[in-house]
Amino acid sequence: MNEKIVNLKSQLDAELAKVENAADLEGIRVAYLGKKGSITDLLKGMKDLSVEEKKTFGQEVNILKNEVGELIAAKMQELQEQAIAKEIASMPDFDISMPANMERGSYHPITLVQRDCERIFKSMGFTVEDYSEVVTDYECFESLNIPKHHPARDMQDTYYLDNGQLLKTQTSAAQNAIYKKYKPALVNEGKPIKAIFPGRCFRNEATDACHENTFFQMEGVMVDKNISISNLIFFMKTMLSEVFQKDIKVRLRPGFFPFVEPGFELDISCLICGGEGCPSCKHSGWLELCPCGMIHPEVLKAGGIDPEEYTGFAFGLGLTRLAMMKFGVKDIRDMNSGNLKSMVQFTDNE
Ligand code: FA5
């Protein structure tokens, strides 16, 4: 066997015997197998060999390369096992022979519908955005065409922080930031803004079977040239049929929100009582689920977008209520109860 190969191998053995942690081991891996590593150097040196020598030497280097990879992987395993053993030894009360607690949890119903909605909208080209729960008055109200002292604020009382910020009452609070973030791509590259942003909302209000003070919404916006109500209706229909996987009764009626014009309330027939009327739907047979509308020109302007050139739609889906309907949860307050038994019964099969 080539002398260089033999030397390299014994050098590696010596280094591996001394290594004590994963970071040093990674250093060794790079020194041997990296782009500028010793084995790569050996391969580079082959250009000066005869055809016959190249064949033998090449084979030997490849064998060495595999061997080095295996030795490093084995050493990594050994180091990991040592680390676990050390951790266990440092916990005198840890009894590894104790049986594991077999009570299984499950994903929360809201997480499940949120993921479902994200999957559906992603497949239609929407990006998923995350946004803060603490926002400014400008984000939550003013940028949405709700100036100070506007009566629309009365419907969304919330929790204020000493610094004047507040816990967001609606996921619409992220609209302004989303428009500003994606406006350059819209104007310079002609890429429509298509985003959804799920999030937790807070309102200071009395609770009942379909109202909580802490609940989830998922906002969606689309802005481009020539966006119309038909686009909005298409996306709403697709979302509902994908989430429920069956036909459900919906109704669209006029709704007032200062940040859309025209605005709509999209209600679904209550799936708890089949539309007969029950506490979950305030005995009306219908549940307000997803208000929506065409984005108000003032809101586009606040986001730096020219409303003469671009139009768009926005919707605010009540994710917690959607989860209630999908999983047959009669009282929204169960959703925040932290009661594992109560939640698992709805989602055990997921
Ligand atoms: C809004 O919050 C608007 N931002 C929605 C919107 C977005 C309209 C974009 C137009 C364009 P509203 O307050 O109606 O609207 O709440 C929207 C949905 O959130 C409701 O239909 C309901 O499903 C859910 N929701 C509202 N308040 C509560 C609550 N207290 N508990 C549980 N779900 C709620």
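The values are calculated or read from the model by the stated rules, or taken from the named source; none is laboratory data. What you see is a predicted model; the values in this text were computed from it and never measured. All Cβ positions, even for glycine, are placed from backbone atoms using ideal geometry, and neighbour counts span all protein chains on display. Note: accessible area is taken over every heavy atom of the protein model, side chains too, but ligands, DNA and RNA are not part of it. Shrake-Rupley method; radii C 1.70, N 1.55, O 1.52, S 1.80 Å.
Quick look at the numbers
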read-out	value
Among (1) farther than 23 Å from Gln114 by Cβ; (2) of a type in the set (Gly, Ala, Ser); (3) touching a Pro at 6+ places or on another chain (Cβ under 9 Å), the one test that Ala302 misses	(3)
Pick from the stretch 305-327, criterion touching a Pro at 6+ places or on another chain (Cβ under 7 Å) and away from the ligand (no atom under 14 Å from the Cβ), ranking: nearest to Lys191 (Cα to Cα)	Pro307
Positions within the stretch 305-324 being open to solvent by 10 Å² or more (accessible area, probe 1.4 Å) and not polar (S, T, N, Q), in sequence order	Asp306, Pro307, Glu308, Glu309, Tyr310, Gly316, Gly318, Arg321
Hits in the stretch 82-120 (condition: part of a helix (DSSP H, G or I) and either free of Cβ contacts under 8 Å to residues at least 24 places away in the same chain or over 20 Å from the mean Cα position of the chain (by Cα) (or both))	Gln82, Ala83, Ile84, Ala85, Lys86, Glu87, Ile88, Ala89, Thr111, Arg115, Arg119
Residue list for the stretch 192-225, filter: more than 23 Å from His283 (Cα to Cα), among the hydrophobic types (A, V, I, L, M, F, W, C) and open to solvent by less than 10 Å² (accessible area, probe 1.4 Å)	Ile193, Ala195, Ile196, Phe197, Cys201, Met218, Val221, Val223
Single unsatisfied condition, Ser228 versus (1) over 24 Å from the mean Cα position of the chain (by Cα); (2) at pLDDT below 95; (3) surrounded by fewer than 16 Cβ atoms within 10 Å (Cβ to Cβ); (4) not β-branched (Val, Ile, Thr)	(2)
Single condition Glu20 does not satisfy, out of (1) in a helix (DSSP H, G or I); (2) open to solvent by 40 Å² or more (accessible area, probe 1.4 Å)	(1)
Test set (1) of a type outside the set (Gly, Ala, Ser); (2) open to solvent by 40 Å² or more (accessible area, probe 1.4 Å); (3) free of Cβ contacts under 8 Å to residues at least 60 places away in the same chain - Asn145 fails condition number	(3)
The stretch 262-304, subset away from the ligand (no atom under 16 Å from the Cβ) and within 19 Å of Asp224 (Cβ to Cβ), residue least open to solvent (accessible area, probe 1.4 Å)	Gly304
Hey, Cys140 open to solvent by less than 30 Å² (accessible area, probe 1.4 Å) and within 21 Å of Glu298 (Cβ to Cβ) or not	yes
Test: residue in the stretch 179-191 that is within 20 Å of the chain's Cα centre (by Cα), modelled with pLDDT of 95 or more and surrounded by fewer than 22 Cβ atoms within 10 Å (Cβ to Cβ)	yes
